[in-house]
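To keep things clear, I will list the structure first and then write my remarks on it.
The values are calculated or read from the model by the stated rules, or taken from the named source; none is laboratory data. Because the structure is a prediction, the values reported are computed rather than measured. Positions of Cβ are backbone-derived with ideal geometry, glycine not excepted, and every protein chain shown enters the neighbour counts.
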Amino acid sequence: MYIIGLTGGIASGKSTVSAMLAELGAYIIDADEIAHIVVMPNQPAWHDIVAHFGSGILLPNGAINRKILGEKIFKDKVERLCLEKITHHYIEDQVQKKITHAKLIGTNIVVLDVPLLIETDWHKMVNEIWVVYVKEEVQLSRLIDRNKLTYEQARDRINAQMSLAEKVKLADVVIDNNLDIEHARKQVTAAWGRLSHGSTCLHVVTVTE
């Protein structure tokens with residue numbers, strides 16, 4: 001079984017690329033999806049988060065108010081790292097279970113879709129790293145438009161992550177997502193074709209300047 005580690009930055013288009021790979025037949029393990037599940041009311045991670053941040057981060061139905069929690073962690077690196085520490089092992093446990101399941105059913109190619117793939121050292125468990133890249137000004141514009149954030153809020157969220165330029169340095173494949181969706185799709189299809197035909201030599205896509 002061959003594992004692709006797919007990563008990027010907030011509003012880089014990583015989820016779009018992941019969806020393309022799913023259409024091509026990849027077995028997707030989505031860490032964001034798992035992260036949402038492990039923090040649902042009365043799940044172990046939920047209890048740990050509430051114990052640390054207090055009940056003020058909860059909605060009336062008991063779910064975590066992601067907007068309030070986001071404001072806390074994106075302005076305070078210590079709190080952000082604390083949240084990551086709380087959730088990390090719960091997410092990793094579920095990821096490992098899904099990898100085991102993929103092996104059992106004879107999956108050939110798994111895509112491990114993880115925003116913090118490199119930051120958490122999970123890139124060490126994959127065969128190659130794919131980074132979805134956009135210029136910072138494109139990332140800012142898309143994030144402000146998508147999440148209805150102020151410039152400062154968007155900047156805080158981007159600065160809270162490892163820069164895309166740094167991630168690109170560690171990439172085996174770079175998907176340039178600065179242009180339209182078809183431009184990205186052509187790159188994804190080409191890179192997937194290389195894998196599906198059994199070639200695992202490195203093939204880095206040059207990003208648009």
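Assorted remarks:
- Residue in segment 48-62 that is under 18 Å from Asp93 (Cα atoms) and among the hydrophobic types (A, V, I, L, M, F, W, C) present: yes
- The criterion of being more than 20 Å from Gly9 (Cα to Cα), part of a helix (DSSP H, G or I) and free of Cβ contacts under 8 Å to residues at least 12 places away in the same chain holds for Lys97.
- Comparison of Ser55, Ser141 shows that the only residue that is polar (S, T, N, Q) and surrounded by 12 or more Cβ atoms within 10 Å (Cβ to Cβ) is Ser141.
- Residue match in segment 26-43 (condition: touching a Phe, Trp or Tyr at 6+ places or on another chain (Cβ under 6 Å) and assigned to a helix (DSSP H, G or I)): yes
- Meets criteria (surrounded by 13 or more Cβ atoms within 10 Å (Cβ to Cβ), more than 27 Å from Thr189 (Cα to Cα) and hydrophobic (A, V, I, L, M, F, W, C)) for Ala154: yes
The rows are residues; the columns are (1) outside any loop (DSSP other than H, G, I, E, B); (2) within 30 Å of Arg194 (Cβ to Cβ); (3) modelled with pLDDT of 95 or more; (4) in contact with a Ser or Thr (Cβ under 6 Å, 6 or more places away or on another chain).
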site	(1), (2), (3), (4)
Lys67	yes, no, no, no
Glu71	yes, no, no, no
Leu112	yes, yes, yes, no
Leu117	no, yes, yes, yes
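- So Ile37, is it buried (at least 16 other Cβ atoms within 10 Å of the Cβ) and aliphatic (A, V, I, L, M): no
- Here Met162 passes the criteria (1) in a helix (DSSP H, G or I); (2) out of contact with any helix residue (DSSP H, G or I) (no Cβ under 7 Å at 6 or more places or on another chain); (3) hydrophobic (A, V, I, L, M, F, W, C) except the one numbered (1).
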